[in-house]
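To start, the structure under review is shown below, and the notes come after it.
The values are calculated or read from the model by the stated rules, or taken from the named source; none is laboratory data. For clarity, every value in this text was computed on a predicted model and none was experimentally measured. Note that we place each Cβ from the backbone using ideal geometry, even for glycine, and neighbour counts take in every protein chain shown. Side chains included, ligands, DNA and RNA excluded: accessible areas come from the protein's heavy atoms. Shrake-Rupley method; radii C 1.70, N 1.55, O 1.52, S 1.80 Å.
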Amino acid sequence: MSVPTLSPSVSLPSRSSAPRRAAGSAVRGSTRATVVRPRTSRVSSPVRIVPPDLRIADGTGASVFRVAANRGPVSRDVIAKVTGASIATVNRQVSALLSAGLLRERADLTEPGAVGRPRVPVEVDHERYLTVGIHIGAVTTGIVASDLRGRIIGAVEVPTPTGDQDAALASITASAKAFLGRWHRRAPLWVGVALGGRVDSNTAVVTHPRLGWVDARVGAIVGGGMGLPVSVAAHVEAMAASELLLTPDRDAPEAKGTGLYFYVRETAGVAITFEGKVHTPAGGPGSVTHFPTGSSARCSCGGTGCLEATVSDRAVVQRAVAEGILADGDNTIQSLYRLARGGSEAARGLLVERATVLGRTVGMLRDLFNPDRVILGGQAFTEYPAAAPHVARAFAASTTLPRKDIRITGFGNRVQAHAAGVVSLSSLFSDPIAAMKRTEL
């Protein structure tokens, strides 16, 4: 896959850009929805919390399933060549996956003259099942349905509920159940939740200061309410996982090594990957919220110059209103983008200043971790492409290591949706047969 890179002469991909296999820019049924208010917040089904497995798994079953998802319809001979497994081993795994209903044969595509069932191509059965992904953002919550290849087949957005955390989670669950009701011919297998804050993936309990949640029972309420196995992950770690698991070159050598994923929209975050696996610290993900930028922006912590207080959408809008660039009645980040595109030098200058801070921050983080690759995600990078050269120049000026291009996620503005989707699929991608057994009540 050709992945966009940032250099002083290269800009961001267009808003519709996304990897072909992930199909992030062609989401059918995407719309906004009103919040569905539940009758009760009581957990209604047994809770099956499964920690997400955010890695390129090397087990034979996972490898066979991954090749079928990425290249199917595909012959067993090709699967054996790609995975390095013997044809006998591949045949056993394919038979098990066929029995589990995860693969299907395509006899109609058998090459003329081919003899025997092993010559019949197989593919992931992408019409029988789906998984549900939920990205809980500071302002909006996205709910997506994914097929077993990782393609998003539908999506809605609802405002993130405020107030009591249990009631908010019950409301999100009710909205997800209502959305799931659209898919009458598909069986749901799993629900995955991605969100900010401090996430304990083993217990699916989350503390999210921005939402005011403390020890929120995300897994218990969402998984129990939907009656499905549930996995919960920090959203930036999930975004990094989507780059490993949902792109066409997921088996390429460059997927190994080390990677730095940097995200900014309403919140700022960073994730690290090692040898095809997202690093998930036992104490929860690290934080760059208060990373010093040298700006004069006031932060809720009482200090000045913290990263999130300087570059988040909310911080930039507040500054635009304070400087008279935006009116009080039209104070959204989209309004600021429209002004900049329309020729407002003041709006453009504010966005260029943010881009410069972002590029400088990425440069410093790059020097700190020295990763093999750097990927940037979030609307702070994708919504205003004209700022991309400024990110690149600030990065080049601040890093002291040899030149390295930084890449923009190919998922564009759908990065949150794919993050939620990959959490819902990670167990299936890691060990498909074992995951199917977990779905049985």
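Please give the peptides 261-268, 95-102 ranked by average Cβ packing (other Cβ atoms within 10 Å per residue), highest first, as a rough proxy for protection.
Result, highest mean first: 261-268, 95-102.
Suppose accessible area is computed on protein heavy atoms with a 1.4 Å probe; arrange GLU323, GLU237 from highest to lowest.
I get GLU323, GLU237, largest accessible area first.
Of the peptides 219-225, 382-388, 434-440, how do they stack up when ordered by the mean number of other Cβ atoms within 10 Å, highest first?
Order by mean packing, descending: 219-225, 382-388, 434-440.
Can you tell me, using C-alpha contacts under 8 Å and at least 6 residues apart, the relative contact order of the chain as a whole percent?
25 percent
Report the gain in length on full extension from LEU368 to VAL139: 0.36 nm times residue separation, minus Cα-Cα distance, nm rounded to one decimal.
Computed gain between LEU368 and VAL139 is 79.3 nm.
Quick check on packing: order 138-146, 342-350 by the mean number of other C-beta atoms within 10 Å, highest mean leading.
Highest mean packing first, the order is 138-146, 342-350.
Taking 8 Å as the Cα distance limit and 6 or more residues as the minimum spacing, I'd like the relative contact order of segment 255-408 as a percentage.
Once divided by the residue count of segment 255-408, the mean separation gives 23 percent.
Rounded to the nearest percent, how much of the accessible area of segment 283-386 (1.4 Å probe, protein heavy atoms only) is carbon and sulfur?
51 percent
Over the chain, how many pairs of lysines fall under 30 Å by alpha carbon, counting only those 8 or more apart in sequence or from different chains?
Counting lysine pairs in the chain gives 9.
Would you grab the residues whose amide H sits under 5 Å from the one on TRP190? Only those 5+ places off in sequence or on another chain, please, with H modelled 1.01 Å from N.
VAL132
Starting from the amide H of LEU103, placed 1.01 Å from N in the peptide plane, find each other amide H under 5 Å away whose residue is 5 or more places distant or on another chain.
Under 5 Å from the amide H of LEU103 lie the amide H atoms of LEU98, ASP125, each far enough along the sequence or on another chain.
Calculate one ³J(HN,Hα) per residue across segment 65-70 by plugging θ = phi - 60° into the Karplus curve 6.51 cos²θ - 1.76 cosθ + 1.60, and present them in order as whole Hz with x for glycine and proline.
Result, rounded to whole Hz: 5, 5, 5, 5, 5, 8.
Could you compute how much accessible surface VAL321 exposes when probed at 1.4 Å, giving the result in Å² to the nearest 10?
40 Å²
What does DSSP give for the chain in terms of the percent of beta bridges that are antiparallel, rounded to the nearest 5? Could the numbers behind the result be given before it?
Working: 38 of 60 bridges.
Within the chain, antiparallel bridges account for around 65 percent of the total.
Can you give the accessible area per residue of the chain, in Å², using a 1.4 Å probe?
Working: 18170 Å² over 441 residues.
Heavy-atom accessible area per residue stands at 41 Å².
Among ARG217, ARG338, ARG104, which one shows the biggest mean-square fluctuation in a GNM of the chain, springs joining Cα atoms closer than 10 Å?
Highest fluctuation of the listed residues: ARG338.
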